[in-house]
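The values are calculated or read from the model by the stated rules, or taken from the named source; none is laboratory data. This one's a predicted model, so the numbers in the text were calculated from it and none came from an experiment. Cβ coordinates were reconstructed from backbone atoms using ideal geometry, including for glycine residues, and neighbour counts include every protein chain displayed.
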Amino acid sequence: MQVTLRDIGKRFHNKWVFRALEMDFDAGKHHAITGKNGSGKSTLLMICAGYLSPSKGNIQWYMKGKNLAPELIYPRVSLASPYLELVEEFTLEESIRFHRKFKAFLPEFQVRTLVELSGLKDSQHKPLRHFSSGMKQRVKLLLAIMSDTPLVLLDEPCANLDSEAIAWYQHLKKDYGQGRSFIICSNHNPQEYPEVNKVFSIP
């Protein structure tokens with residue numbers, strides 16, 4: 001899936017978060033957006049997901065060269081972010097089953113195999129409210145990356161992860177990200193965007 005941004009700007013009230021951004025996210029490639037805290041990375045990612053509209057400029061999505069209307073974006077995009085909440089009353093297994101009602105997973109992956117892939121099998125029957133912040137982040141990354149979507153958006157994916165979980169994330173991205181478009185926002189943390197094709201920076 002290809003995403004193009006032309007002269008994109010976003011304003012909240014009278015303050016511009018960013019202006020005049022020009023970016024091309026190529027189909028099947030991995031990209032990073034870097035910037036300091038408050039630079040608007042998360043806002044830009046939400047625009048790429050179709051969840052926010054830009055205040056200025058134009059965004060276009062393409063599948064195999066065909067332009068997609070904004071209302072057709074949702075089934076083709078998955079998103080993980082530290083600020084997105086999980087249903088904490090659900091167990092890990094229930095979370096996977098619930099997510100599957102809205103987004104199919106990659107072929108040949110069932111609930112059982114996804115639980116094993118998460119590395120959280122010993123906690124699969126615990127409510128998520130008893131998970132640590134790092135365990136919750138694993139769940140978010142698992143659901144986003146393993147969804148059968150051509151565009152995966154990740155906002156600071158290594159937030160709250162220890163070294164073992166960071167390695168798990170990097171393998172997940174490498175093993176199941178081939179041929180899919182990734183846009184990864186990071187506060188200049190190279191562990192979050194290994195082996196990307198292009199890096200954009202927001203001042």
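The figures follow:
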read-out	value
Residue within the stretch 33-55 that is farther than 26 Å from Glu192 by Cβ and surrounded by 13 or more Cβ atoms within 10 Å (Cβ to Cβ) present	yes
Selection status of Pro75, under 22 Å from Ile202 (Cβ atoms), touching a residue at least 60 places away in the same chain (Cβ under 8 Å) and not in a strand (DSSP E or B)	no
Which numbered condition His99 fails, given (1) surrounded by fewer than 16 Cβ atoms within 10 Å (Cβ to Cβ); (2) part of a helix (DSSP H, G or I)	(1)
Some residue of the stretch 84-101 being of a type outside the set (Gly, Ala, Ser), at pLDDT below 95 and in contact with a strand residue (DSSP E or B) (Cβ under 9 Å, 6 or more places away or on another chain)	yes
Complete set of residues in the stretch 14-64 that are within 15 Å of the chain's Cα centre (by Cα), in a strand (DSSP E or B) and aliphatic (A, V, I, L, M)	Ala32, Ile33
Which listed residue is surrounded by 15 or more Cβ atoms within 10 Å (Cβ to Cβ), farther than 16 Å from Ala144 by Cα and in contact with a Ser or Thr (Cβ under 7 Å, 6 or more places away or on another chain), from Ser201, Ser186	Ser186
Those residues of the stretch 65-83 which are crowded, with 16+ Cβ neighbours inside 10 Å, under 20 Å from Ala27 (Cβ atoms) and within 18 Å of the chain's Cα centre (by Cα), in sequence order	Ile73, Arg76, Val77, Ser78, Leu79
Residue match in the stretch 131-140 (condition: under 18 Å from Ala104 (Cβ atoms) and in contact with a Cys (Cβ under 7 Å, 6 or more places away or on another chain))	no
Any hit, the stretch 143-159, residues being among the acidic types (Asp, Glu), surrounded by 15 or more Cβ atoms within 10 Å (Cβ to Cβ) and within 30 Å of Val3 (Cβ to Cβ)	yes
Within the stretch 185-201, tally of residues that are touching a residue at least 40 places away in the same chain (Cβ under 8 Å) and either touching a helix residue (DSSP H, G or I) at 6+ places or on another chain (Cβ under 6 Å) or of a type in the set (Ser, Thr, Tyr) (or both)	4
